[in-house]
1. Anything in the range 42-69 that is surrounded by 21 or more Cβ atoms within 10 Å (Cβ to Cβ) and closer than 19 Å to Ile26 by Cα? List them, or say none.
2. Residue under question is Phe104, and the condition is that it be buried (at least 16 other Cβ atoms within 10 Å of the Cβ), under 30 Å from Gly20 (Cα atoms), aromatic (Phe, Trp, Tyr) and modelled with pLDDT of 80 or more; does it hold?
3. From the residues in the range 10-32 that are polar (S, T, N, Q) and surrounded by fewer than 16 Cβ atoms within 10 Å (Cβ to Cβ), which one is nearest to the chain's Cα centre (by Cα)?
4. Considering (1) within 17 Å of the chain's Cα centre (by Cα); (2) modelled with pLDDT of 95 or more; (3) in a helix (DSSP H, G or I); (4) of a type outside the set (A, V, I, L, M, F, W, C), say which one His80 fails and leave the rest.
5. Could you grab the pairs with beta carbons closer than 9 Å, sequence gap of 6+ or different chains, first residue in the range 86-108 and at positive phi, second one part of a helix (DSSP H, G or I)?
6. Condition (residue is part of a helix (DSSP H, G or I) and within 21 Å of Ile25 (Cβ to Cβ)) applied to the range 101-121: is it met by at least one residue?
7. Can you find even one residue in the range 115-138 that is surrounded by fewer than 18 Cβ atoms within 10 Å (Cβ to Cβ), over 27 Å from Val98 (Cα atoms) and out of contact with any Asp or Glu (no Cβ under 9 Å at 6 or more places or on another chain)?
8. Against the conditions (1) assigned to a loop (DSSP other than H, G, I, E, B); (2) among the small types (Gly, Ala, Ser); (3) closer than 28 Å to Ser130 by Cβ, where does Gly20 fall short? Just the number, please.
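The values are calculated or read from the model by the stated rules, or taken from the named source; none is laboratory data. Being a predicted model, the structure only gives us computed values, none of them experimental. Note that we place each Cβ from the backbone using ideal geometry, even for glycine, and neighbour counts take in every protein chain shown.
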Amino acid sequence: MQDTVRAYTRFLVAAFAAQGTPVDIIQIGNEITYGFLVPVGAIYGGPTGLNWPDFTSLVNAGVVGAKQGAGTRGIQIMIHIHPGDSASWTRWWFDNFVQYDVPFDIIGVSYYPFMAGGLSSLLYNVSSNSARYTKPVLVAEVSYPWTLADGDSKPNIIAPTPVLPDGALYPPTLRARRRSTRR
């Protein structure tokens, strides 16, 4: 599996460069908080309850492949997990991750306020963990509603404004959506 991950990632990065769109930053996997290529690279569920060695060996294979594919041009590696509002979870996760010497340049997090804490939690996570690991933190995924109205026959995952931690300060409005799309 490691050879496959390395070869595929090398091919992909080299193919982008060959077509004139070289990759500057690559994230190995997406929201890999619980693992990568599960079940082989699942973090949870190993003989000791945690399986960091198998997980990090697969991630490292992706890193090696990306660097090979980029050649002398170079490429930045982002490791992306989901809990953008939780500094303690991010710290616990990366404290474990860095023990396996997988090289990376950027910490990526996701932030969905209707499933997480407020902006102050995100800010604390970004600033404290950027300083702890001396790496920039990139908010790789974010979502905020522009309406709470039901637009289809499916149940909404976001209910009244109190579900949004900063909903009183940043209400979901069409006006805010129009303003943000003009930038």
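1. Within the range 42-69, Phe55, Thr56, Leu58, Val59, Ala61, Gly62, Val63, Gly65, Ala66, Gly69 meet the criteria.
2. So Phe104 passes the test.
3. Per the criteria, the residue is Asn30.
4. The number of the failed condition is (3).
5. Short answer, once both residue conditions are applied: Asp101/Thr56; Asp101/Asn60.
6. Checking the range 101-121: not a single residue is part of a helix (DSSP H, G or I) and within 21 Å of Ile25 (Cβ to Cβ).
7. The answer is no; no qualifying residue exists.
8. It fails just one condition, (3).
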